[in-house]
Amino acid sequence: MAKKIKLNDPIVEFAIHGLQEKKGKDITVLDLSSIPTAVCKYFIVCNGDSTTQVQALADSVIEEVRKATGEKPWHTEGYDNREWILLDYSNIVVHIFLPEVREFYGLEDLWADADFEKIPELEKQK
């Protein structure tokens, strides 16, 4: 069951905003801070409907985080095939998938001990 977690990191906030701006689907934040073997504090996971959208989502996150905090990802992977793009901000790792790739790898299942929160889509402007 999704649980409200304390999202008190500006990189998390602006990464989520970047995903929402490009209509990222099923945005989920996993709080890994209570898991001793975790590689970082947060995973942000979402998916896009096409390789073009996956890249647009990643580009949006990079731009929103850079504009707001001045931070750039320490490492990126997946821009070549755009089925799973990873943006590593050290304590925050953003995973952007095609739906079938997300389902295949099942990060949420692998880190099932983590607290998590589903992030709502932005309301459409009228």
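The values are calculated or read from the model by the stated rules, or taken from the named source; none is laboratory data. These figures come from a predicted structure and were not determined experimentally. Here the Cβ positions follow ideal geometry from the backbone for every residue, glycine too, while neighbour counts run over all protein chains shown.
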Item to check | Filter result for the condition that a residue is over 14 Å from Leu19 (Cα atoms) and at pLDDT 95 or above, over Asp80, Asp113 | outcome: Asp80
Checklist entry - Pick from Asp59, Asp88, Asp26: which is on the phi > 0 side of the Ramachandran plot, acidic (Asp, Glu) and under 13 Å from the mean Cα position of the chain (by Cα)? => result Asp26
Next on the checklist: Based on this model, can you work out whether Ser33 counts as small (Gly, Ala, Ser), modelled with pLDDT of 95 or more and surrounded by fewer than 20 Cβ atoms within 10 Å (Cβ to Cβ)?
Outcome noted: no
Next on the checklist: Tell me the residue from Lys41, Lys22 that is touching a residue at least 12 places away in the same chain (Cβ under 8 Å) and within 17 Å of Pro120 (Cβ to Cβ), please.
Outcome noted: Lys22
Item to check | Restricting segment 1-30 to residues that are part of a loop (DSSP other than H, G, I, E, B) and not basic (Lys, Arg), the residue that is modelled with the highest pLDDT | outcome: Gly24
Item to check | Condition broken by Ser33, with the remaining ones in (1) more than 23 Å from Pro120 (Cβ to Cβ); (2) part of a loop (DSSP other than H, G, I, E, B); (3) of a type outside the set (Lys, Arg) satisfied | outcome: (1)
Checklist entry - In this structure, does Leu86 turn out to be free of Cβ contacts under 8 Å to residues at least 40 places away in the same chain, surrounded by 12 or more Cβ atoms within 10 Å (Cβ to Cβ), in contact with a strand residue (DSSP E or B) (Cβ under 9 Å, 6 or more places away or on another chain) and assigned to a helix (DSSP H, G or I)? => result no
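Yes or no, residue by residue, for (1) more than 15 Å from Val54 (Cβ to Cβ); (2) of a type in the set (S, T, N, Q):
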| residue | (1), (2) |
| --- | --- |
| Val65 | yes, no |
| Thr69 | yes, yes |
| Glu77 | no, no |
| Asn81 | no, yes |
| Trp84 | no, no |
| Tyr89 | yes, no |
Checklist entry - in contact (Cβ under 8 Å) with a residue 24 or more places away in the chain and not in a helix (DSSP H, G or I) - does that describe any residue in segment 54-73? => result yes
